[in-house]
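Peer 1: Handing you this structure, nothing more for now.
What follows is calculated from the coordinates using simple rules that are stated; it is not laboratory data. Keep in mind that what you see is a predicted model, and the values were worked out from it rather than measured. Reconstructed Cβ throughout: ideal geometry from the backbone, glycine too, with neighbour counts over all protein chains shown.
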Amino acid sequence: MRSVFWENNQLKMIDQRILPARFEIVSFTKHQQVAEAIKNMTVRGAPAIGAAAAFGLALAGYESASSSSRELVADLQAASLTLKSARPTAVNLAWAVDRVMGAVTVSSQERSADELRQLVLDEAQKIADEDVEINKRMAEHGATLINDGDTIIHHCNTGALATVDWGTALGVIRTAHKQGKKIHVLVDETRPRLQGARLTAWELEQYGISYEIISDNMSGHFLKSGKVQKCFVGSDRTTANGDVANKIGTYMLALAAFDNGVPFYPVVPTSTIDLSLASGDLIPIEERNPNEVLDIQFQGEPVTPKNAKARNPAFDVTPNRLVTAIVTENGIAYPPFEISLKKVVK
Ligand code: MRU
């Protein structure tokens, strides 16, 4: 099953907030609800939120009562602003919305409002279908970097849930496993939302891939032990120079990997590469509600004092000097990334 899909004129998603305790599908009929689902992380992961937003535009098309193409385009434009502002860091969100709006703009003159509504849905469906195909292609390239017997540290969730299906970094691990390579994954928890412990572990269970959960602060220890051969992560935005924004904690993992000579591989579809930004300092970093950090329990009791304050940046930027190579659907990019990323994008 796909994490995001269109069925019976509704957008449906696996609710990622409650996994692995419960597996539930939620349905949406309004684009504002989709924007809210992206914000509250019912759907999450850069490619998945891109596809969700594209389908959100399709809902906006059906919500609009306009019978003229011009008015419909104005309604779609308003909806695209709402959807794009749901989360700032993952460039796939703006990329997908702009792609759909680009298709609308090109043909708005010669099509009726109903034809445009259908075009928006078709383009969203294409984005979703291509995502699966791209992930599988990317995984074939990435799997060439994995040897039989490797132990791999993986951060956050980059699997079928974070994409439309298959996954980015976890997709590479799945493909290598399918090729018969014996792999062990150290799944870091990924505080504060625990995408690793909750979602990656849940996916690996189903694929029959060997794994153990570690807390985030154990990565350095395992990397130093000599028993980890590689790190694979995803990205929410990778800039022209190869700086990689990804889930908070990625930078610390990359530093520890670099210090111990362990290769560090972001797996990044070209829709996540933002050549318009020269370096990672320019990437907007989402700051989420501090309660996500504070709201934890130990032995049934709250961990933090009642009035504790917290910070909660959701992403960090790993500088390109710590990145061994970047896996894309068009091949593996090696330093200097200023040159190799341009090539894979073209
Ligand atoms: O805050 P999230 O859970 O949406 O963050 C997800 C990640 O950081 C992933 O690593 C990233 O989206 C790329 S993997 C598809």
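Peer 1: With label points built 7 Å along Cα→Cβ from the Cα atoms of THR151 and ALA308, find their separation and express it in nm.
Peer 2: 3.0
Peer 1: I need the peptides 256-265, 33-42, 170-179, 109-118 ranked by packing, meaning the mean over residues of other C-beta atoms within 10 angstrom, with the highest value on top.
Peer 2: 170-179, 33-42, 256-265, 109-118
Peer 1: Only bridges whose two residues both fall in the chain count here: according to DSSP, what percent of them are antiparallel, nearest 5? Working shown, then result.
Peer 2: Numbers: 20 of 38 bridges.
In the chain, DSSP labels about 55 percent of beta bridges as antiparallel.
Peer 1: Based on a Kirkwood Rh over C-alpha pairs, give the Stokes-Einstein translational diffusion coefficient of the range 50-118 at 4 °C and viscosity 1.567 mPa s in µm²/s.
Peer 2: It diffuses with D of about 109 µm²/s by this estimate.
Peer 1: Please tell me which of these pairs span more than 22 angstrom C-alpha to C-alpha: LYS136/LYS178; LYS230/LYS342; LYS12/LYS39?
Peer 2: Those over the limit are LYS230/LYS342.
Peer 1: Kindly provide the helix-only [θ] at 222 nm of the chain, computed as the sum of -39,500 (n - 2.57) over DSSP H runs of four or more divided by all residues, to the nearest 500 deg cm²/dmol?
Peer 2: The per-residue figure over the chain is -12500 deg cm²/dmol.
Peer 1: Among the aspartates and glutamates, select those whose C-alpha is under 20 Å from the C-alpha of LYS182, and discard any that sit fewer than 8 residues away in the same chain.
Peer 2: Once the sequence-local aspartates and glutamates are set aside, what remains near LYS182 is GLU140, ASP148, ASP150, GLU203, GLU205, GLU212.
Peer 1: A further question follows. Kindly express, to the nearest 10 degrees and within the range 0 to 90, the angle between helix 46-63's C-alpha long axis and the longest C-alpha principal axis of the chain.
Peer 2: The angle comes out at about 20 degrees.
Peer 1: Can you give me the distance in nm between label points at ALA74 and GLN297, each placed 7 Å from the Cα along the Cα-to-Cβ direction?
Peer 2: 5.2
Peer 1: Please report the Cα spread of the chain along all three principal axes, rounded to whole Å, starting with the longest.
Peer 2: Answer, in whole Å and largest first: 65, 51, 38 Å.
Peer 1: Ok, one more. Mind ordering 244-253, 131-140 by average Cβ neighbours within 10 Å, highest first?
Peer 2: Put in order of decreasing packing, that is 244-253, 131-140.
Peer 1: Starting from the eigenvalues of the Cα gyration tensor, five times each then square-rooted, give me the equivalent ellipsoid semi-axes of the range 43-179, largest first, whole Å. Intermediate results must be reported in sequence, preceding the final value.
Peer 2: Working: eigenvalues 256, 39, 18 Å².
Those come to 36, 14, 10 Å.
Peer 1: What distance in nm separates the simple spin-label points at GLN179 and SER66, each placed 7 Å from Cα in the Cβ direction?
Peer 2: It is 4.9 nm.
Peer 1: Once the piece of chain linking ILE25 and ASN289 is laid out straight, how much longer is it, given 0.36 nm per residue of separation minus the C-alpha distance between them?
Peer 2: 92.5 nm
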